[in-house]
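Please treat every number below as a calculation from the coordinates, not as lab data. It should be emphasised that the depicted structure is a prediction, and the values quoted were computed from it without experimental measurement. Using ideal geometry, Cβ is built from the backbone for each residue, glycine included, and neighbour counts are taken over all protein chains shown.
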Protein chains: 2
Amino acid sequence: MDWMVLKGESKRFFELLKGDVAFLFAIGNTKTAEIPGITVAGANPDLIKFTPPADVELLFYGECKVIPFPPATPDGKPTPAIITYTALRLTGVPFFVVDSGLMVKPKTPYVSINAPIGENIAEKDAMKLEDVEEAFRNAVEFGEQISKFADILMIGESIPAGTTTALAILRALGIKTMVSSSMPSNPIEIKEKVVAKALERVKGNEEPLELVAKVGDPVMVGVCGIAVGSRKPVILAGGTQMVAMANLIKRIDERADVAIATTIYVANDSEALKHAPCPVIIADPGLGNSTKPGLKAYAEGFVKEGVGAGGATLLAYAKGFGKKEFLKNVEKSYETAIETKL
Amino acid sequence: MDWMVLKGESKRFFELLKGDVAFLFAIGNTKTAEIPGITVAGANPDLIKFTPPADVELLFYGECKVIPFPPATPDGKPTPAIITYTALRLTGVPFFVVDSGLMVKPKTPYVSINAPIGENIAEKDAMKLEDVEEAFRNAVEFGEQISKFADILMIGESIPAGTTTALAILRALGIKTMVSSSMPSNPIEIKEKVVAKALERVKGNEEPLELVAKVGDPVMVGVCGIAVGSRKPVILAGGTQMVAMANLIKRIDERADVAIATTIYVANDSEALKHAPCPVIIADPGLGNSTKPGLKAYAEGFVKEGVGAGGATLLAYAKGFGKKEFLKNVEKSYETAIETKL
């Protein structure tokens, strides 16, 4: 099957994707990613900070500029941006990048919400509350404006180590679960250790934005702000990170009309999606049938999701592209954007 | 009358304003504004650099944040942003700020195109050509994306001393005319002196972006890039500055579908509009009938235009607001945003 509803009423969201969609990408950095072994969102530790800007450059140009090759894991599994790039190219849906705390700016246009870079949550608070509040307000304003045009917003993310900060938020909210990982062998011990340290600073009576400031990351500020500001339904395109954000959003504004869309690879990997306070839609890009080893690896538990890949797949299906046709186009993107750079 | 056609076929643009409009504001700074006596876009010279961010804060919030009062001339004539704020509030049209070379960032969301601040064109080249080319490319990309939603784009500007850099561009393009001014006594001698110095660096065989890099300003980069990237018709909302930009745009892409919309106060002040290579639409906000001295002053030759005020007036009329009703609402904005801060 192309897509399925894991949880809740999702047909309405799928139908809205046939209309005017705006795809937003909130991207940023947390120094939590500098903890050895916590993420593979970069070919080596020095490159991790370039992953978010390189991801969105790929969306615009089909190639990266801040680094001369696309983001990949150390063993060469390519960024999920390749899936999203394909969906954007096929559908022509307008998209916008939001700087949600970047260390390196992309060579693309981007929206600034004046978000800070996230600190290592094992060591200290992620951000100053006043900085979070200002960036959140800006994101709300932008979300309101951009939603005026669209029938529905889709929001993706790119932030290395984002599943760890998501785990900290979920735990701080009292949700007992484990997040997904870009590795088949989820480095759970490292994540738990970091989160335990972070949670030492949590009292338990914090408001949502206070929690984000203490143990979250700046991408949460952008995503939550845009979703709260939107006058239209919002699909959070991502995996377990979006479960954390959906919980934050619903606590900030219980009327927020959100759903989560992610890949089947995340759904196979984590039961965290069950803790979503909203509908969850699973899209299957069918990469298990790919002739490209770098793509087939997704079905074997590598990478799985990111840069809105699951939502982008759903978008392509909603716009009328079939599963085989979409895969063929993802493979074509892989040939031009990845294989020529290997 | 509410609006009239000064030149060309303008009805089509007016009709499009009844549909989905995106209003963009390209704002920035040129150090040319630091030349004594060249601009009154600020209560005193130290405040001039705050005028563009304060203008767009007014659009978002009805009040300014980077300075505790709205931009005004030294003798208290308020920024034309008050007119644009009123039109945006009445029509609910989505709007976006583009940082086209700001010295001070606004406390609002804004789109970055990585534009440099403009140098004083009397002294040296305004910008490096490579910086202009990068910012232009980003503006083209943003223009393309944002235009996908809309039936028509409207672009306003805020850049103190922008008429002087516009004069330099017009002269460099071989167009013999004089630009308008925010003062009834246009400081023509100062402008001519600055432009003469700037033109010493012009050989005459420059491409449009080379000219902008030599004697223009960064707002031209943003406006021209967005207009060239747009897939839909574009209204350049401004006075004689937009005449310079329309000429640049047409030289970059002769198929660009642009028109200029400005206030009757600019039309009364300058024959430069006759050098527009496109339709020009004149809107009359009727401020001569205002009971507020700060607004009535516009009809006496002060301020006249800026921050898209003429286009915003046209937009309000296209959306069905009558001239008297609009003026009443501008006066209401004046009472809350200006009079309470005096």
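Over the range B:57-214, what is the relative contact order in percent, taking alpha-carbon pairs closer than 8 angstrom and at least six residues apart?
Working: 153 pairs, mean separation 30.8, N = 158.
Reported as a whole number, the value is 20 percent.
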Computed from every Cα-Cα pair in the protein assembly as shown, P(r) in 10 Å bins starting at 0 and rounded to whole percents is 3, 17, 25, 23, 17, 11, 4, 0
Neighbour-count ranking [beta-carbon atoms within 10 angstrom, fewest first] of B:Cys278, B:Cys224:
B:Cys278, B:Cys224
With charges set only on the Cβ (+1 for Lys and Arg, -1 for Asp and Glu), what does the dipole of the range B:3-337 come to about its Cα centre, in debye to the nearest 20?
660 debye
Whole angstrom only: what separates the Cα centroid of the range A:32-99 from the Cα centroid of the range B:267-300?
49 Å
Can you give the calculated 222 nm mean residue ellipticity of chain A, where each DSSP H run of n ≥ 4 adds -39,500 (n - 2.57) and the sum is split over every residue, rounded to the nearest 500 deg cm²/dmol?
-12000 deg cm²/dmol
Expected vector for the range B:301-317, Karplus 3J(HN,Hα) from phi with 6.51, -1.76, 1.60 and θ = phi - 60°, integer Hz, x for Gly and Pro, equals x, 8, 6, 6, 6, x, 6, x, 4, x, x, 5, 5, 4, 4, 4, 5
Among A:Arg251, B:Arg137, what is the fewest-to-most ranking by other Cβ atoms within 10 Å?
A:Arg251, B:Arg137
Only bridges with both residues in the protein assembly as shown count here: give the DSSP antiparallel percent, nearest 5.
20 percent
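Residues of A:110-117, mean number of Cβ from any other protein chain within 10 Å of their own Cβ, rounded to a whole number? All intermediate terms of the calculation are to be shown ahead of the outcome.
Numbers: counts 7, 9, 9, 3, 6, 0, 0, 0.
Per residue, the number of nearby Cβ atoms from other chains is 4 on average.
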Quick check: the distance between the Cα centres of the range A:304-324 and the range A:206-241, to the nearest angstrom?
22 Å
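How much of the DSSP bridge set in the range B:3-337 is antiparallel, in percent, rounded to the nearest 5? Let's see the in-between values first.
Working: 5 of 31 bridges.
Just about 15 percent of them are antiparallel.
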Lys/Arg +1, Asp/Glu -1 at C-beta; chain B dipole; positive extreme among B:Phe13, B:Met178, B:Val104:
B:Phe13
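For a quick check: sort A:Thr108, B:Thr340, B:Thr79 by the number of other beta carbons within 10 angstrom, fewest at the front.
Values: A:Thr108 24, B:Thr340 10, B:Thr79 28.
So the ranking, lowest neighbour count to highest, is B:Thr340, A:Thr108, B:Thr79.
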Can you compute log10 of I(q)/I(0) for the range A:3-337 with the Debye formula, treating each Cα as one identical point scatterer, at q = 0.07, 0.10, 0.11 Å⁻¹?
-0.22, -0.47, -0.58
Using +1 at the Cβ of each Lys and Arg and -1 at the Cβ of each Asp and Glu in the protein assembly as shown, identify which of A:Val56, B:Asn205, B:Gly311 lies farthest towards the dipole's positive end.
B:Gly311
Amide H within-cut-off set for B:Val98, under 5 Å, with H built and near neighbours excluded
B:Phe25, B:Ala26, B:Ile27, B:Val111
Taking H as built 1.01 Å from N, whose amide H comes closer than 5 Å to the amide H of B:Ala237, not counting residues under 5 places away?
B:Ile155, B:Gly156, B:Ala261
Note, the range A:82-96: 3J(HN,Hα) by Karplus (6.51, -1.76, 1.60, θ = phi - 60°), whole Hz, Gly/Pro = x, goes 5, 6, 5, 3, 4, 5, 5, 5, 5, 8, x, 5, x, 9, 9
Integer Hz, Karplus 6.51/-1.76/1.60 couplings in order for the range B:55-63, x for Gly and Pro:
4, 7, 4, 4, 4, 6, 10, x, 7
